[in-house]
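Quick notes on the structure that follows.
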Amino acid sequence: MTHYVLTFRAQPHRTPTAEQEASWPAWFSQIGPSIADMGNRVGQARSVGYKGERDDALSGYIVVTAPDFDAAVALAQGCPILQQGGSLEVGEIVPA
């Protein structure tokens with residue numbers, strides 16, 4: 001199994017509703033066996049070296065295991081951030 005990082009992006013200074021907050025434990029429970037590292041939320045964030053306009057910011061991450069990249073992307077499809085106006089990125093972790 002390979003490890004993949006899922007990085008979450010959301011509007012800076014957004015305040016999620018109680019319902020939005022409650023959707024995260026359900027998703028974590030659904031993908032639970034695949035979670036290798038529960039990660040963390042991210043507070044203040046700034047892109048460095050990025051040349052485009054961006055209206056969102058890094059808001060958190062988790063690390064999952066999956067048999068391949070497509071399976072990792074499939075895990076990400078149910079992420080609550082997608083229903084909350086945010087986005088996420090899936091990246092394969094390559095051992096150094």
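Each reported figure results from applying straightforward, stated rules to the coordinates on display, with no laboratory input. This is a predicted model, so every value here is computed, not measured. When we count neighbours, we look across all protein chains shown, and the Cβ atoms used for this are built from the backbone with ideal geometry, even at glycine.
Below, the figures for the structure above:
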quantity: Single residue of A76, A66 found to be at negative phi, among the hydrophobic types (A, V, I, L, M, F, W, C) and more than 10 Å from the chain's Cα centre (by Cα); calculated: A66
quantity: Close pairs (6 angstrom Cβ cut-off, 6 or more residues apart or separate chains): over 24 Å from M1 (Cβ atoms) and touching a residue at least 12 places away in the same chain (Cβ under 8 Å) in the range 23-51, assigned to a strand (DSSP E or B) and aliphatic (A, V, I, L, M) anywhere; calculated: V42/L58; A45/A57; A45/L58
quantity: Residues located in the range 45-96, provided they are under 19 Å from A26 (Cβ atoms), among the small types (G, A, S) and crowded, with 18+ Cβ neighbours inside 10 Å; calculated: S59, G60, A76, G86
quantity: Search result, residues across the range 45-96 that are closer than 14 Å to R9 by Cβ, touching a strand residue (DSSP E or B) at 6+ places or on another chain (Cβ under 6 Å) and of a type outside the set (A, V, I, L, M, F, W, C); calculated: D56, S59, G60, Y61, G86, S87, E89, G91
quantity: Any hit, the range 16-39, residues being touching a Gly at 6+ places or on another chain (Cβ under 8 Å) and of a type in the set (D, E, K, R); calculated: no
quantity: Tally, over the range 9-44, of residues that are loosely packed, with under 13 Cβ neighbours inside 10 Å, more than 14 Å from Q84 (Cβ to Cβ) and of a type in the set (S, T, Y); calculated: 1
quantity: Wholly enclosed strands (runs of 3 or more DSSP E) of the range 1-82 bearing at least 1 residues hydrophobic (A, V, I, L, M, F, W, C) and in contact with a helix residue (DSSP H, G or I) (Cβ under 6 Å, 6 or more places away or on another chain); calculated: 2-10, 57-66
quantity: Qualifying residues in the range 31-58 (those that are more than 23 Å from A76 (Cα to Cα) and not small (G, A, S)) - the one farthest from the chain's Cα centre (by Cα); calculated: K51
